[in-house]
Amino acid sequence: MEWLTAVRGAVAYMEAHLTDEIGVKEVAQSVFVSPFFLQRGFSLMTGFGIGEYLRNRRLYCAALDLKNEGERVIDVALKYGYDTPESFTKAFTRFHGISPSQARSGSAPIRTFLPLSINISVQGGDRMDYRIAPMFPFKLIGFKREFSYDTAFSEIPRFWDELCEKYAYNVYAGNAPANAYEKALVDNCIGEFGVCIDGTDGNTFTYLVAGKYSGGEVPEGMMLYEFPRGDWAVFDCVGPVPEALQSLSARIFKEWLPGNPDYEICGNATVEWYDCLRGEKTDPDYHSAVWVPVIKRTEAQKRWGGTAAYEEYEKRGDKTAAAAKGLMNIFREFGNIKELSPDSPEAKETAAKLKAYITEHYYTCADEILLGLGRLYACDERMKGNIDAAGGEGTAEFASRAIEAYLKDPR
């Protein structure tokens, strides 16, 4: 989905579900964007994380309900997802600076937090230079830590400093590695890359201080991460880090993605590259880069039956709309299906992963996914019937069979 449309859609979805139990996963699923990129991009564009925006909007609406409708505090607390009046009162007071009872009586002003309106204004003549770099699969190894989206900008630089002090200073001084971690740092040039990887809960992500894996032992506590073959948008950066890279990342989401007609993001990770051979990171002419995994938009539209086609399906409200939604979900996670050979180990592995994926993440919309595979990829009529009737415990099995049928006959 076009990036600006996705962000606006995310805001609309949150506004329609303020009293429902939703988080970043549900919001991301509604606009067919990975939780990682939605959370990261939304925060860079608006200054608010998804969770923070939901919380602020709920607390503002709660104040209006108390002030204008005269509802009881306990009822408003439950309405906006708080388990107890005490937890609601604590959050309410921290946000508004007054208690719920004061808001209810109208004796003090409340803090206003209106729905966001997402508009992009391109100013000045600066051009964002980038290049598309096709890359074969590659592996990185590094030290990992989980970070919250809300505090990552300040905490990640401290993580780098901590690792340098603990493992790098000894070898930088010309001494032989004293342990397996220092050896891994030297052998793999750890520090050349920083990697942001989607977390499992939607509120955090994994960050790696990494290098290219050269083989050998992976010490306990370190992480080996493999990237599949694909295209990357590479944005070169000149300036002291982390400030220059953080500014560039914000521009990618605010300017490049909304204004780029050819590519859109895919995958679940981004990479920072650091020049380890020349200069200091604090130098004004220090060189670094941001790598973003992308897919050519025309290819994405073909895979999903076309963005315009999807919008038309949705207007008609028929089952084909559900099919388009299902396909969007699948190719966000398994965008390499079309390139696989039917009898290859990768095809079987992908089918197995898809089975687990549907069961774990999209069980509630499995019928949509199966309908998408059966209808829009024209598997044989018997398979269509099976897919249309699939449900319950047989869902994952039919998904696997549908993929295998498509791989053998991708009409």
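The values are calculated or read from the model by the stated rules, or taken from the named source; none is laboratory data. Because the structure is a prediction, the values reported are computed rather than measured. Methodologically, a virtual Cβ is constructed for each residue, glycine included, from the backbone with ideal geometry; neighbour enumeration extends over all protein chains shown.
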Practice item. Have a look at PRO261, PRO228, PRO219 and point out the one that is under 20 Å from the mean Cα position of the chain (by Cα) and surrounded by fewer than 17 Cβ atoms within 10 Å (Cβ to Cβ). Key: PRO228
Check your understanding: List pairs: first in segment 72-94 and on the phi > 0 side of the Ramachandran plot, second surrounded by 13 or more Cβ atoms within 10 Å (Cβ to Cβ) and among the acidic types (Asp, Glu), Cβ under 9 Å, 6+ apart or cross-chain?
Key -> none
Check your understanding: Of the residues in segment 238-253, how many are of a type outside the set (Ser, Thr, Tyr) and surrounded by fewer than 19 Cβ atoms within 10 Å (Cβ to Cβ)?
Key -> 9
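Quick one: is PHE37 of a type in the set (Phe, Trp, Tyr) and in a helix (DSSP H, G or I)?
On the way: of a type in the set (Phe, Trp, Tyr): yes; in a helix (DSSP H, G or I): yes.
Yes, satisfied.
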Practice item. For ASP236, indicate whether it is modelled with pLDDT of 90 or more, in contact with a His (Cβ under 9 Å, 6 or more places away or on another chain) and outside the structural domain of PHE36 (by TED's automatic domain parsing). Key: yes
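In segment 149-187, which residues are among the hydroxyl-bearing types (Ser, Thr, Tyr) and part of a helix (DSSP H, G or I)?
If the condition is that a residue be among the hydroxyl-bearing types (Ser, Thr, Tyr) and part of a helix (DSSP H, G or I), then SER154, TYR167, TYR169, TYR172, TYR181 are the ones that fit.
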Exercise for review: Filter segment 46-99 down to residues that are over 32 Å from the mean Cα position of the chain (by Cα) and among the small types (Gly, Ala, Ser) and give me whichever is surrounded by the fewest Cβ atoms within 10 Å (Cβ to Cβ).
Suggested key: GLY70
Exercise for review: Please note which helices (runs of 4 or more DSSP H) are completely contained in segment 61-147 and include at least 1 residues that are closer than 28 Å to HIS17 by Cα, at pLDDT 90 or above and in contact with an Asp or Glu (Cβ under 7 Å, 6 or more places away or on another chain).
Suggested key: 73-79
Practice item. Under 7 Å between Cβ atoms, at least 6 apart or on separate chains: pull out the pairs that start in segment 151-172 with a residue that is without any contact (Cβ under 8 Å) to a residue 40 or more places away in the chain and over 13 Å from GLY194 (Cβ atoms) and end on any residue that is among the charged types (D, E, K, R) and surrounded by 15 or more Cβ atoms within 10 Å (Cβ to Cβ). Key: TYR167/GLU182; ASN170/GLU182; VAL171/GLU182
